[in-house]
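Structure, as structure tokens:
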Amino acid sequence: MDGAECLGCSTCLDRCQMNAVSLNDEGLAEVNPDRCIGCGLCVTTCPSGAMKLSPKAENQLRVPPASTAEQMMRLLQTRGLLNYEV
């Protein structure tokens, strides 16, 4: 996100399905990286080109589970219902 180019039009707010974009006190768009999934919908509709996709830091990347079974095992682990590693 380039704040200098943002027009404050709020088009990106309407396009973001994850509610990752909000307007700050100056009326400019800000992206919450914890909510952003990198779909690019805000980028493709930004009239000024202020919205840009950039890679997350290596420590913030999440690897999706390879199967439904692995996903369920991860859920059980995070909820403390399973005591061994996948």
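Take the residues of region 1-57 that are touching a Ser or Thr at 6+ places or on another chain (Cβ under 6 Å) and among the polar types (S, T, N, Q): which is surrounded by the most Cβ atoms within 10 Å (Cβ to Cβ)? Across region 1-57, the extreme among qualifying residues is 11. Each residue in region 21-46 was checked for being more than 13 Å from residue 7 (Cα to Cα) and part of a helix (DSSP H, G or I), and 4 of them qualify.
Filtered by the rule that a residue be in a loop (DSSP other than H, G, I, E, B) and either touching a Pro at 6+ places or on another chain (Cβ under 7 Å) or within 20 Å of residue 62 (Cα to Cα) (or both), region 1-15 gives 7, 9.
Annotation: of all residues in region 47-86 being closer than 15 Å to residue 31 by Cβ and either in contact with a strand residue (DSSP E or B) (Cβ under 8 Å, 6 or more places away or on another chain) or part of a helix (DSSP H, G or I) (or both), the one that is modelled with the lowest pLDDT is 60. Of all residue pairs spaced 6 or more apart or on separate chains, those with beta-carbon atoms under 7 Å, a first member in region 59-81 that is within 19 Å of residue 34 (Cβ to Cβ) and a second member that is of a type outside the set (Ser, Thr, Tyr) are 74/65; 74/86.
The values are calculated or read from the model by the stated rules, or taken from the named source; none is laboratory data. Quick caveat: nothing in here was measured; it's all calculated off a predicted structure. Counting neighbours? That spans all protein chains shown, and the Cβs are built from the backbone with ideal geometry, glycine included.
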